[in-house]
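Reviewing the structure listed below.
The values are calculated or read from the model by the stated rules, or taken from the named source; none is laboratory data. Model, not experiment: these values are computed from the prediction. Reconstructed Cβ throughout: ideal geometry from the backbone, glycine too, with neighbour counts over all protein chains shown. Just so you know, the surface numbers come from the protein's heavy atoms only, side chains and all, with ligands and any DNA or RNA stripped out. Shrake-Rupley method; radii C 1.70, N 1.55, O 1.52, S 1.80 Å.
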Amino acid sequence: MAPDERRAAIIAATLPLLRRHGANVTTRQIAEAAGVAEGTIFGVFPDKNSLIVATLLSQFDPERARASLLACASAEGDLRHRLRAAVDHLAARMRDTGALFAIARNLPSEHSGELFKHLGERRVVVQDVLAELFEPDRLRLMHTPATCARLLMSMIFATTQDEWTGGDRLGGEELVGVLLDGLLVRPAAPTNPGDHS
């Protein structure tokens, strides 16, 4: 097996183990899952934390994030339709990768620097795609598409974190409704045209 293929195979074997065991996964468990000798891992990666970082980087690739978001939330349909699709996709992705983010936060700083730079780039890419989804309706917006995208990202993040939501998660339709319509219930329209009370 070529070195790049061996590296990819080890990373692929590591991902489900990270989800199951977190950073406590052992290189022995990884070697068994990858079908290689434990020493083979250290022929490809200098240490276990370097392997963890490489595995996390493979999951948080900015261009992969762009492609997957555009695939599920194209610029077709009205603004609500576009945003609902994007929110549902991103919320599911954030919930799916929540445990991986926790691992990233607990890595030693000498290993996490590159990873967090990468995560920052990924966030910018995702916000840019969201801004593209707002762009066709720019003239209807009170703020720029970029500002709207940042607000929406913040709302998605806040409503996917269990410690913030108390278990009460908003779906795409509810979240987009809050962003576009606000939180106040609209008063019923008067039934009599002359009745403004």
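Of the residues making up segment 130-163, those that are farther than 23 Å from Ala92 by Cβ and out of contact with any helix residue (DSSP H, G or I) (no Cβ under 8 Å at 6 or more places or on another chain) number 3. Contact map, segment 28-48: residues that are under 12 Å from Ile11 (Cβ atoms) and surrounded by 16 or more Cβ atoms within 10 Å (Cβ to Cβ) paired with residues that are among the charged types (D, E, K, R) and modelled with pLDDT of 90 or more, Cβ distance under 7 Å, separation 6+ or inter-chain. Pairs shown: Val44/Arg7. Of all the listed residues (Leu83, Leu51, Leu18, Leu57), the sole one being under 29 Å from Glu110 (Cα atoms), among the hydrophobic types (A, V, I, L, M, F, W, C), in a helix (DSSP H, G or I) and in contact with a Phe, Trp or Tyr (Cβ under 9 Å, 6 or more places away or on another chain) is Leu51.
Select from segment 1-27 the residues that are open to solvent by 70 Å² or more (accessible area, probe 1.4 Å) and in contact (Cβ under 8 Å) with a residue 40 or more places away in the chain and write down the one among them that is nearest to Ala102 (Cα to Cα). Looking at the filtered set, the residue picked out is Arg19.
Scan segment 86-118 for residues that are open to solvent by 20 Å² or more (accessible area, probe 1.4 Å), out of contact with any Pro (no Cβ under 9 Å at 6 or more places or on another chain) and assigned to a helix (DSSP H, G or I) and the total you get is 19. Restricting attention to segment 128-146, the residues that are under 19 Å from the mean Cα position of the chain (by Cα) and open to solvent by less than 40 Å² (accessible area, probe 1.4 Å) total 5.
For segment 53-81, the tally of residues that are closer than 21 Å to Arg6 by Cα and either open to solvent by 50 Å² or more (accessible area, probe 1.4 Å) or touching a Leu at 6+ places or on another chain (Cβ under 7 Å) (or both) stands at 7. Pairing residues of segment 75-99 that are under 14 Å from Phe134 (Cβ atoms) with residues that are surrounded by fewer than 15 Cβ atoms within 10 Å (Cβ to Cβ) and among the acidic types (Asp, Glu), at Cβ distances under 9 Å and at least 6 apart in sequence or on separate chains, gives Arg80/Glu173; Arg82/Glu76; Arg84/Glu173; Val87/Glu173. Scanning segment 71-80 for residues that are part of a loop (DSSP other than H, G, I, E, B) and at pLDDT below 85 turns up Ala73, Ser74, Ala75, Glu76, Gly77. Of all residues in segment 163-175, none that is in a helix (DSSP H, G or I) has its Cβ atom under 9 Å from the Cβ atom of a residue that is at pLDDT below 65 and surrounded by fewer than 11 Cβ atoms within 10 Å (Cβ to Cβ), 6 or more apart or on another chain. Being in contact with a His (Cβ under 8 Å, 6 or more places away or on another chain) and at pLDDT 85 or above holds for only one residue in Leu179, Leu175, Leu151, and it is Leu151.
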